[in-house]
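K.L.:
Can you read through this structure? Questions will come right after.
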Amino acid sequence: MSFQKFIDNHQKVPVVHFDNIVTKKPTVSITVNAYEHENYIAECINSILLQKVDFEYEILISEDDSQDNTRKICIDYAKNYPNKIRLLLHNRINNFKINGQETGRFSAIYNYNVSKGKYIAHCDGDDYWMDPYKLQKQVDFMENNKEYCLCASRYKIIDENSKIVGEGPTINPLIFDPESKLSDMFRSY
C-alpha cells in the first residue's frame, strides 16, 4: 500500500508538524513513538541528543495525544532543539485496530514514511540508549557492510529501582536501510 493510500484510509485528523527546521539530508532519522511516557520521555530524548557522531541526524518524535504531560515535554524539547527535533503531533482518532486491539501503529508508520535519513533508527519513548556511541557504531557497521540491511543491539530491562531484571538480543532498537526490501515490512501493516 502506498503512503498516500495509507493516509487516505486512516488519517481522519491531519498530523500537525511542529515548525522546526532540521537538516535536509540526515544520515539517520531516529523515530520515537511517545504515548503516556511522561516519566520516561526526557531520558529517552536526552540519550539520543547525547549521541557522539560524525554525521547529521534528525529526531522524529510522534506524540500520540497523551493525556499526561508527555506532549508538553515533547513540545519543550522541540522548542529547545529546533535543529534536531521534528515533532509530529498526532490525534488518537487516527489509530486503527489490529485483531480488535487499539494500536499506535498509525504514528509509527507515519514516522517511517516521513523520515529523510539514509538509515532509520528507532527508540520507543519509554526506552533510552545507554551507549553514547550506539548510532556511530551502527552507522559505521552499515557503511562498511553493504550486504546487510539492518543491525541491532542488545537490551536491558531495568526496574524502577534501577536493577537489571532481564536482557538479551533484539531487533529493537535497530537501524535499517529504508531502501532495502526489508523496509517494506516497516512501511506496511
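K.L.:
Any idea how far apart ASP131 and ASN69 come out in nm if each label point goes 7 Å out from Cα toward Cβ?
P.N.:
Each label point is offset 7 Å from its Cα along the Cβ direction, giving 3.3 nm.
K.L.:
Given contacts defined as C-alpha pairs under 8 Å and at least six residues apart, what's the relative contact order of the chain, whole-number percent?
P.N.:
Once normalised by length, the contact order is 26 percent.
K.L.:
Sticking with this one: Highest mean first, how do 70-83, 12-25 rank when packing is the count of other Cβ atoms within 10 Å averaged over residues?
P.N.:
Descending mean neighbour count gives 70-83, 12-25.
K.L.:
How much space per residue, in cubic angstrom, does the convex hull of the C-alpha atoms of the stretch 1-144 take up? Mind dumping the intermediate values first?
P.N.:
Details: hull volume 17.9 nm³, N = 144.
Residue-normalised Cα hull volume stands at 124 Å³.
K.L.:
Treating cross-link reach as a plain straight distance, find the aspartates and glutamates whose alpha-carbon is under 18 Å from the alpha-carbon of LYS118, omitting any fewer than eight places away in the same chain.
P.N.:
Cα-Cα hits under 18 Å: ASP54, GLU56, GLU58, ASP140, GLU143, GLU147, ASP177, GLU179, ASP184.
K.L.:
In nm, what is the difference between 0.36 nm times the number of residues separating ASN9 and LYS146 and their Cα-Cα distance? Mind dumping the intermediate values first?
P.N.:
Numbers: separation 137, 0.36 × 137 = 49.32 nm, distance 3.54 nm.
Taking 0.36 nm per residue and subtracting the Cα distance, the gain is 45.8 nm.
K.L.:
Ok, one more. In whole Hz, with x marking every Gly and Pro, tabulate ³J(HN,Hα) for the stretch 15-28 from phi via Karplus 6.51 cos²θ - 1.76 cosθ + 1.60, θ = phi - 60°.
P.N.:
Running phi through 6.51 cos²θ - 1.76 cosθ + 1.60 with θ = phi - 60° gives 6, 8, 8, 4, 7, 10, 10, 10, 3, 7, 10, x, 6, 10 Hz.
K.L.:
Top mean-square fluctuation among SER66, SER162, SER153, Gaussian network model of the chain, C-alpha springs under 10 Å?
P.N.:
SER162
K.L.:
Sticking with this structure for a sec: Quick one: which residues, 5 or more positions from ILE59 or on another chain, have an amide H under 5 Å from its amide H? H modelled 1.01 Å from N in the peptide plane, none for Pro or chain starts.
P.N.:
Amide H to amide H, under 5 Å and 5 or more residues apart or across chains, ILE59 pairs with ILE30, ILE85, ARG86.
K.L.:
With springs only between Cα atoms under 10 Å apart, run a GNM on the chain and tell me which of ILE109, ILE157, ILE61 wobbles the most.
P.N.:
Among ILE109, ILE157, ILE61, the largest GNM mean-square fluctuation belongs to ILE157.
K.L.:
Short version: what are the Cα gyration tensor semi-axes of the stretch 47-107, square root of 5 times each eigenvalue, largest first, in whole Å?
P.N.:
They are 27, 14, 9 Å, listed from largest to smallest.
K.L.:
Order of 114-123, 141-150, 127-136, 99-108 by packing, highest average Cβ count within 10 Å first?
P.N.:
In decreasing order of mean packing, 114-123, 141-150, 127-136, 99-108 become 114-123, 127-136, 99-108, 141-150.
Computed from the coordinates by the stated procedures, all read-outs in this text should not be read as laboratory data. Computed from a predicted structure; not experimentally measured. Note that we place each Cβ from the backbone using ideal geometry, even for glycine, and neighbour counts take in every protein chain shown.
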